[in-house]
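Student: Take this structure first; my questions come after.
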Amino acid sequence: MVPSAATVSFQSVAHAQGEDLWVACYMKATYAFRAVDKIGKTLGMCLPLLRLCAWDNPSPTTFFRFITLSGSAQTPFSSRSEFLSHGGYFCLRMMPEKLDAIARGDLSGRIVHPSFVHFAHIIGCVYYRDDNGQRVPSDFEASYYQLVMRYLEDKESFTPVEFLQTCIFLGTYRYLNNQFDTAWDCGTKAYDMIINADMHITLPSTDCTGSHSPQNVARGRYGHIQALDEAEEQRSLLCYAMHGDFCAILIWDRPVVLPPHLDDELRSLLSHTPFDYTQTVITRTMSTWLLHEARFSVSQGIPSASGNGSKSWLMELKAYDNTGISYEMYSGLIERIERHVTESKLAATKFDLVYKDQSGSVSRKLDAVMGLTALTEIHLALYSALNHEESRRQTVKTAIEIISISDGLPKDKYDLLDHMVLLSWRTAREVLEQEQARLLGANADDTSVYPGTIPSLLMTLRGCVRCLRAVAPFG
């Protein structure tokens, strides 16, 4: 705790009015800290953090409340650190100088829009309380939220790309706080900007080699959230918007709102060779797109199927015998998904062993899980329609692999997962429960899994769900 002498010095000027008195207040606070030998850390480490907070905070009162409550002069810095370390969750990807500006709390507006710094504070607060088990004072978080909303009132101060980024940030914050309807409103505003500004997904330059290659960027100090250039930032933002669109369709049965030209441009981007799997934002979009394409393709022959997560997708397949389904209808899609799963696994290993980036590895493993989910549902459709035993074996095999990869995810990284993983886990659970019921009445020995193994697999899956419920926004 901060010694009482320092606290008294803070409080004696806490109600000062005007910029000059605020500067005087800061000087008094600095002088008080110089009189302290230890505040949990050495004096040399505390003073820079104090200056950082004095620059960051919207009001002296909030700053003093922070110091008085817990001596946490570093919390604005900590919240920004949490924001950057969890950037993979909401597919953050910016140039390193912009990430540097956010990290140091640069409000000048010369490098990043000041609202980005305050977004880092409020989103970081959510992760700070989850990771540290400590709740940030409500007026601290609320004051930064008010600043964010004040900036958003001046829409003209943003470029189209900046405004799109703020919509994604605000939607992420509300989503993490379980405010799903208002989060969806943020997405709608983002989509309006995409349409009104006529934004497009452009193909990357073919001469990105040497120090500017994506692989070398992934080795940078910010890892997989570090972008090559402004063009890649915009490309990543638009791809993330499409990822959100696909998620809304698959999980909540929301209508498609993005313009059709983005779908065509995404197809061109994903067919652009060589495709780099360290581009975490684009590969996440590719994962949701492939799952959406798989469901859409299968649902074409199932009158009652909507292809969304609000119904039991597998039960619809089981109930409808679509004799019009053939393997040739899906062979090309199966090959693309299998290639995506393989590349995602290889990229996960590279992030682990080469880049030493565990967050990037988790992101790629989630991509593999989503690809396996798409394969599971296609193979199940083939089995249901054709009574093809090999398709049944493939269905069970991919469901088991979903559980295997999920069980291997670090439990302290579950806050990097999104709701798509729940959709994958439900698919795996329903497949194994269906297989378990089949085995109970089967006399044949052509099983792809021993009957006694399924309860253990389902128990493992329940353990994953329990761990996920312990983190925002799943709790």
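Student: Among the residues of the stretch 152-162, which ones are within 24 Å of the chain's Cα centre (by Cα) and part of a helix (DSSP H, G or I)?
Tutor: Leu152, Pro160, Val161, Glu162, listed by residue number.
Student: Going by what's in this entry, would Ser287 be described as in the same structural domain as Leu382 (by TED's automatic domain parsing), over 20 Å from Thr166 (Cβ atoms), out of contact with any Lys or Arg (no Cβ under 6 Å at 6 or more places or on another chain) and without any contact (Cβ under 8 Å) to a residue 12 or more places away in the chain?
Tutor: Details: in the same structural domain as Leu382 (by TED's automatic domain parsing): yes; over 20 Å from Thr166 (Cβ atoms): yes; out of contact with any Lys or Arg (no Cβ under 6 Å at 6 or more places or on another chain): yes; without any contact (Cβ under 8 Å) to a residue 12 or more places away in the chain: no.
Judged against the criteria, Ser287 is not a match.
Student: Same structure again: Checking the conditions here, which among Pro303, Pro274 is over 20 Å from Ala368 (Cα atoms), at pLDDT below 90 and assigned to a loop (DSSP other than H, G, I, E, B)?
Tutor: Numbers: Pro274 fails: over 20 Å from Ala368 (Cα atoms).
Going through Pro303, Pro274 in turn, the sole match is Pro303.
Student: What about Ser448, is it part of a loop (DSSP other than H, G, I, E, B), among the polar types (S, T, N, Q) and modelled with pLDDT under 95?
Tutor: yes
Student: I've got another one for you. Would you confirm, using the coordinates I've provided, whether Asp181 is exposed (fewer than 14 other Cβ atoms within 10 Å of the Cβ) and modelled with pLDDT of 85 or more?
Tutor: no
Student: With (1) modelled with pLDDT under 90; (2) surrounded by fewer than 19 Cβ atoms within 10 Å (Cβ to Cβ) as the list, and His200 as the residue in question, which single condition is left unmet?
Tutor: Of everything listed in (1) modelled with pLDDT under 90; (2) surrounded by fewer than 19 Cβ atoms within 10 Å (Cβ to Cβ), His200 misses just condition (1).
Student: Another one. Inspect the stretch 91-104 for any residue being in contact (Cβ under 8 Å) with a residue 40 or more places away in the chain, crowded, with 21+ Cβ neighbours inside 10 Å, part of a loop (DSSP other than H, G, I, E, B) and hydrophobic (A, V, I, L, M, F, W, C) and give the result as yes or no.
Tutor: So far as the stretch 91-104 goes, yes, one or more of its residues are in contact (Cβ under 8 Å) with a residue 40 or more places away in the chain, crowded, with 21+ Cβ neighbours inside 10 Å, part of a loop (DSSP other than H, G, I, E, B) and hydrophobic (A, V, I, L, M, F, W, C).
Student: If I ask for residues that are touching a residue at least 24 places away in the same chain (Cβ under 8 Å), hydroxyl-bearing (Ser, Thr, Tyr) and part of a helix (DSSP H, G or I), which ones from the stretch 353-373 would you list?
Tutor: Scanning the stretch 353-373 gives Ser359, Ser363, Thr373.
Student: Scan the stretch 167-179 for residues that are part of a helix (DSSP H, G or I) and either more than 16 Å from Cys247 (Cβ to Cβ) or free of Cβ contacts under 8 Å to residues at least 12 places away in the same chain (or both) and jot them down.
Tutor: Within the stretch 167-179, Phe169, Leu170, Tyr173 qualify.
Student: Let me ask you something else. When you look at Asp130, is it at pLDDT below 95, surrounded by 15 or more Cβ atoms within 10 Å (Cβ to Cβ) and among the acidic types (Asp, Glu), yes or no?
Tutor: When the stated conditions are applied, Asp130 passes them.
Student: Taking the condition at pLDDT 90 or above and either in contact with an Asp or Glu (Cβ under 9 Å, 6 or more places away or on another chain) or not hydrophobic (A, V, I, L, M, F, W, C) (or both), does Leu366 pass?
Tutor: Yes.
Student: Would you check which residues across the stretch 346-376 are among the acidic types (Asp, Glu) and either outside the structural domain of Glu401 (by TED's automatic domain parsing) or surrounded by 22 or more Cβ atoms within 10 Å (Cβ to Cβ) (or both) and list them?
Tutor: The answer is Asp357, Asp367.
The values are calculated or read from the model by the stated rules, or taken from the named source; none is laboratory data. These numbers were taken from a predicted model, which means no experiment stands behind them. Please note: Cβ atoms are built from the backbone with ideal geometry, for glycine as well, and neighbour counts cover all protein chains shown.
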